[in-house]
Amino acid sequence: MNVVITGANRGIGLSFVKHYLANGAKVFAACREASPELGQSGAQIIEDVDVSTDQGIETLSGALQGVNIDVLINNAGILRDEQLGNLNIETIRDQFEINALAPLRVTEALANNLGDNAKVALVTSRMGSISDNTSGGRYGYRMSKAALNAAGMSLAQDLKGRGVAVAILHPGLVGTDMIGGYGDITPDQAAERLIARINELNLANTGTFWHSNGEVLPW
């Protein structure tokens, strides 16, 4: 099985790498620069992949030319903080580029690598749920993840006829560097639970917005 993971140098991405390798998969780990731990993992590393740039997308697709992808995990993402009265339009734009547009661009660039029964996973957040928002704030992150969720549903419809299923996945509150190490579960636990959801993914449940614990989340 060939697995491609973006944002693979640390956090949940690195945990995905380790879990899939431990289960015998061939892992293509895409990142801007490999961390020492990723470098020692045994994955096939694709560096200089900034998913927010044309060059980064070209580097990724070029490195995977001719590779049949069974699982594509769009994991790369960023979190910034904007509040009403203190909006930073640049960080909002950055989050849209990386959190929403990049997964769509990556999936399109690698669409011809996806064979029958392939799976695409989008790592999103329940903060992208409109009906679940009871605390406000985090404008760029919430908006970009809501946009990613919408893209995921369109991808699910567009790829279904090609035999490719799409999962829209919330990992939970994970203790990664992105949120300062605070969380209810570790990156390894999150990756293990997310992989279980990916394993359950099929054409009958494509487009589902899942919590990593198996709960179906509201839009």
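The values are calculated or read from the model by the stated rules, or taken from the named source; none is laboratory data. Computed from a prediction, not measured in an experiment: that's the story for all the values here. Cβ: placed from backbone, ideal geometry, glycine included. Neighbour counts: every protein chain shown.
Check whether at least one residue in the stretch 96-114 is closer than 19 Å to L217 by Cα and in contact with an Asp or Glu (Cβ under 8 Å, 6 or more places away or on another chain), and report yes or no.
No, the conditions are met nowhere in the stretch 96-114.
Please list, ordered by first then second residue, the pairs with beta carbon atoms under 9 Å, 6 or more apart or interchain, first in the stretch 121-145 and under 17 Å from L84 (Cα atoms), second buried (at least 22 other Cβ atoms within 10 Å of the Cβ) and hydroxyl-bearing (S, T, Y).
Pairs that qualify, where the first residue is under 17 Å from L84 (Cα atoms) and the partner is buried (at least 22 other Cβ atoms within 10 Å of the Cβ) and hydroxyl-bearing (S, T, Y), are M127/Y141; Y141/S125; R142/S125.
Only one of L104, L159, L148 is within 17 Å of V4 (Cβ to Cβ), surrounded by 21 or more Cβ atoms within 10 Å (Cβ to Cβ) and of a type outside the set (G, A, S); which?
L159
Being farther than 20 Å from T186 by Cβ and surrounded by 16 or more Cβ atoms within 10 Å (Cβ to Cβ) narrows it down to one of I46, I12, so name that one. Before the answer, list the steps.
Numbers: I12 fails: farther than 20 Å from T186 by Cβ.
Result of the check over I46, I12: I46.
Can you tell me how many residues in the stretch 56-95 are farther than 22 Å from R10 by Cα and among the polar types (S, T, N, Q)?
Adding up the residues that qualify gives 5.
Do any residues in the stretch 14-26 that are at pLDDT 95 or above have Cβ atoms under 6 Å from those of residues that are surrounded by 15 or more Cβ atoms within 10 Å (Cβ to Cβ) and among the hydroxyl-bearing types (S, T, Y), where the two are at least six apart or on different chains, and which pairs are they?
These pairs meet every condition: V17/S41.
Every residue in the stretch 59-76 that is assigned to a helix (DSSP H, G or I) and in contact (Cβ under 8 Å) with a residue 24 or more places away in the chain, please.
Keep residues of the stretch 59-76 that are assigned to a helix (DSSP H, G or I), which gives 59-63.
Within the stretch 59-76, L60, S61, A63 qualify.
V51 - would you say it is touching a Pro at 6+ places or on another chain (Cβ under 9 Å), in contact (Cβ under 8 Å) with a residue 24 or more places away in the chain, under 23 Å from G128 (Cβ atoms) and not acidic (D, E)? Can you show your working first?
Values: touching a Pro at 6+ places or on another chain (Cβ under 9 Å): yes; in contact (Cβ under 8 Å) with a residue 24 or more places away in the chain: yes; under 23 Å from G128 (Cβ atoms): yes; not acidic (D, E): yes.
Spelling it out, V51 is indeed touching a Pro at 6+ places or on another chain (Cβ under 9 Å), in contact (Cβ under 8 Å) with a residue 24 or more places away in the chain, under 23 Å from G128 (Cβ atoms) and not acidic (D, E).
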